[in-house]
Amino acid sequence: IYLKSRGFLPLVNDSHIHDLAKFMFGISIFWTYLWFSQFMLIWYSNIPEEVTYFVSRIEDYGLIFFGMVALNFIFPLLLLMNSDFKRVNWFVVMTGIIILIGHYLDVFVMVMPATVGESWFIGIPELSALAFFAGLF
(Lines give C-alpha, C1' and ligand atoms only; values in the text may rest on other atoms or scores of the structure.)
Protein backbone atom coordinates (compact mmCIF):
# COMPACT_ATOMS: atom_id res chain seq x y z
CA ILE A 1 0.00 0.00 0.00
CA TYR A 2 2.93 2.31 0.75
CA LEU A 3 4.56 1.63 -2.63
CA LYS A 4 1.21 2.13 -4.36
CA SER A 5 0.78 5.50 -2.66
CA ARG A 6 4.26 6.56 -3.85
CA GLY A 7 3.41 5.64 -7.46
CA PHE A 8 5.72 2.62 -7.79
CA LEU A 9 2.95 0.06 -8.33
CA PRO A 10 0.56 1.54 -10.89
CA LEU A 11 -1.07 -1.82 -11.69
CA VAL A 12 -2.21 -2.44 -8.10
CA ASN A 13 -5.86 -1.51 -7.78
CA ASP A 14 -8.62 -1.72 -5.17
CA SER A 15 -9.26 -5.38 -5.96
CA HIS A 16 -5.71 -6.25 -4.92
CA ILE A 17 -6.13 -4.37 -1.63
CA HIS A 18 -9.45 -6.15 -1.13
CA ASP A 19 -7.73 -9.52 -1.66
CA LEU A 20 -5.02 -8.54 0.83
CA ALA A 21 -7.66 -7.70 3.43
CA LYS A 22 -9.45 -11.01 2.74
CA PHE A 23 -6.15 -12.78 3.34
CA MET A 24 -5.72 -10.89 6.64
CA PHE A 25 -9.24 -11.90 7.64
CA GLY A 26 -8.63 -15.55 6.73
CA ILE A 27 -5.34 -15.73 8.62
CA SER A 28 -6.98 -14.17 11.69
CA ILE A 29 -9.73 -16.79 11.63
CA PHE A 30 -7.14 -19.56 11.13
CA TRP A 31 -5.06 -18.25 14.07
CA THR A 32 -8.19 -18.28 16.24
CA TYR A 33 -8.99 -21.83 15.14
CA LEU A 34 -5.52 -23.05 16.11
CA TRP A 35 -5.47 -21.08 19.38
CA PHE A 36 -8.91 -22.25 20.47
CA SER A 37 -8.18 -25.87 19.49
CA GLN A 38 -5.09 -25.87 21.70
CA PHE A 39 -6.96 -24.11 24.52
CA MET A 40 -9.95 -26.47 24.43
CA LEU A 41 -7.82 -29.61 24.18
CA ILE A 42 -5.65 -28.65 27.15
CA TRP A 43 -8.54 -27.34 29.24
CA TYR A 44 -10.84 -30.29 28.55
CA SER A 45 -8.19 -32.95 29.23
CA ASN A 46 -7.59 -31.35 32.65
CA ILE A 47 -4.11 -32.81 33.08
CA PRO A 48 -2.61 -30.77 35.95
CA GLU A 49 0.82 -30.19 34.39
CA GLU A 50 -0.79 -29.01 31.14
CA VAL A 51 -3.60 -26.87 32.56
CA THR A 52 -1.15 -24.72 34.50
CA TYR A 53 -0.12 -23.17 31.18
CA PHE A 54 -3.47 -21.43 30.82
CA VAL A 55 -4.20 -21.02 34.53
CA SER A 56 -1.08 -18.90 35.08
CA ARG A 57 -1.85 -16.81 31.99
CA ILE A 58 -5.48 -16.19 32.90
CA GLU A 59 -4.76 -15.41 36.55
CA ASP A 60 -1.58 -13.32 36.24
CA TYR A 61 -1.92 -11.95 32.69
CA GLY A 62 -5.70 -11.75 32.40
CA LEU A 63 -5.96 -8.32 30.79
CA ILE A 64 -3.20 -8.98 28.25
CA PHE A 65 -4.44 -12.54 27.64
CA PHE A 66 -8.01 -11.56 26.80
CA GLY A 67 -6.84 -8.35 25.10
CA MET A 68 -4.68 -10.46 22.81
CA VAL A 69 -7.70 -12.60 21.91
CA ALA A 70 -9.74 -9.46 21.22
CA LEU A 71 -7.02 -7.90 19.04
CA ASN A 72 -6.35 -11.08 17.08
CA PHE A 73 -9.91 -12.34 16.63
CA ILE A 74 -12.76 -10.03 17.63
CA PHE A 75 -11.27 -6.86 16.14
CA PRO A 76 -10.46 -8.35 12.69
CA LEU A 77 -13.74 -10.28 12.65
CA LEU A 78 -15.86 -7.19 13.21
CA LEU A 79 -13.87 -4.83 11.00
CA LEU A 80 -12.88 -7.03 8.07
CA MET A 81 -16.28 -8.69 7.73
CA ASN A 82 -17.61 -5.74 5.73
CA SER A 83 -16.52 -5.83 2.10
CA ASP A 84 -16.51 -2.03 1.74
CA PHE A 85 -13.94 -1.55 4.50
CA LYS A 86 -11.55 -3.92 2.75
CA ARG A 87 -11.11 -1.45 -0.11
CA VAL A 88 -10.07 1.52 2.05
CA ASN A 89 -6.27 1.72 2.18
CA TRP A 90 -5.86 3.43 5.55
CA PHE A 91 -8.38 1.06 7.11
CA VAL A 92 -6.47 -2.02 5.92
CA VAL A 93 -3.19 -0.54 7.21
CA MET A 94 -4.74 0.33 10.59
CA THR A 95 -6.21 -3.16 10.93
CA GLY A 96 -2.86 -4.72 10.03
CA ILE A 97 -1.08 -2.66 12.69
CA ILE A 98 -3.64 -3.70 15.31
CA ILE A 99 -3.22 -7.37 14.32
CA LEU A 100 0.58 -7.03 14.61
CA ILE A 101 0.19 -5.55 18.10
CA GLY A 102 -2.09 -8.45 18.99
CA HIS A 103 0.45 -11.01 17.79
CA TYR A 104 3.20 -9.23 19.73
CA LEU A 105 1.04 -9.59 22.84
CA ASP A 106 0.50 -13.25 21.93
CA VAL A 107 4.25 -13.88 21.94
CA PHE A 108 4.58 -11.83 25.14
CA VAL A 109 1.94 -13.97 26.88
CA MET A 110 3.60 -17.18 25.64
CA VAL A 111 7.06 -16.24 26.92
CA MET A 112 6.74 -14.06 30.01
CA PRO A 113 4.83 -16.33 32.45
CA ALA A 114 7.47 -19.04 32.04
CA THR A 115 10.37 -16.62 32.49
CA VAL A 116 9.34 -13.98 35.06
CA GLY A 117 6.10 -15.37 36.47
CA GLU A 118 3.69 -12.86 37.90
CA SER A 119 6.21 -9.99 38.16
CA TRP A 120 5.83 -8.82 34.57
CA PHE A 121 5.90 -5.38 33.01
CA ILE A 122 6.27 -3.83 29.58
CA GLY A 123 9.38 -1.69 29.79
CA ILE A 124 12.49 -0.64 27.94
CA PRO A 125 13.67 -4.17 26.96
CA GLU A 126 10.33 -5.06 25.38
CA LEU A 127 9.95 -1.75 23.58
CA SER A 128 13.56 -1.76 22.38
CA ALA A 129 13.20 -5.29 20.99
CA LEU A 130 10.07 -4.16 19.16
CA ALA A 131 11.91 -1.10 17.82
CA PHE A 132 14.86 -3.28 16.77
CA PHE A 133 12.73 -5.59 14.66
CA ALA A 134 10.73 -2.68 13.25
CA GLY A 135 14.05 -1.10 12.25
CA LEU A 136 15.19 -4.32 10.61
CA PHE A 137 11.94 -4.45 8.69
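The values are calculated or read from the model by the stated rules, or taken from the named source; none is laboratory data. Keep in mind the model is a prediction, meaning the values are calculated, not measured. All Cβ positions, glycine included, derive from the backbone under ideal geometry; neighbour counts span all protein chains shown. These area figures cover heavy atoms from the full protein model, side chains too; ligands, DNA and RNA do not enter into them. Shrake-Rupley method; radii C 1.70, N 1.55, O 1.52, S 1.80 Å.
Does E126 qualify as being at pLDDT below 90, out of contact with any His (no Cβ under 8 Å at 6 or more places or on another chain), surrounded by 10 or more Cβ atoms within 10 Å (Cβ to Cβ) and not in a helix (DSSP H, G or I)? Judged against the criteria, E126 is not a match. If you take the residues in the stretch 7-62 that are acidic (D, E) and under 30 Å from P113 (Cα atoms), which one is least open to solvent (accessible area, probe 1.4 Å)? Selected residue: D60. For the stretch 68-87, a tally of residues being touching a residue at least 40 places away in the same chain (Cβ under 8 Å), open to solvent by 40 Å² or more (accessible area, probe 1.4 Å) and within 20 Å of H16 (Cβ to Cβ) returns 4.
A quick yes/no check of all residues on (1) within 19 Å of W90 (Cα to Cα); (2) among the hydroxyl-bearing types (S, T, Y); (3) assigned to a helix (DSSP H, G or I):
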| site | (1), (2), (3) |
| --- | --- |
| K4 | yes, no, yes |
| L9 | yes, no, no |
| H18 | yes, no, yes |
| F25 | yes, no, yes |
| R57 | no, no, yes |
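Is there a residue in the stretch 91-102 that is in a helix (DSSP H, G or I) and either farther than 25 Å from Y2 by Cα or in contact with a strand residue (DSSP E or B) (Cβ under 7 Å, 6 or more places away or on another chain) (or both)? No, there is no match, as no residue in the stretch 91-102 is in a helix (DSSP H, G or I) and either farther than 25 Å from Y2 by Cα or in contact with a strand residue (DSSP E or B) (Cβ under 7 Å, 6 or more places away or on another chain) (or both). When restricted to residues that are free of Cβ contacts under 8 Å to residues at least 12 places away in the same chain and of a type in the set (F, W, Y), the stretch 11-30 contains 2. Taking the condition open to solvent by 80 Å² or more (accessible area, probe 1.4 Å), free of Cβ contacts under 8 Å to residues at least 12 places away in the same chain and closer than 23 Å to K22 by Cα, does L100 pass? Answer is yes for this residue.
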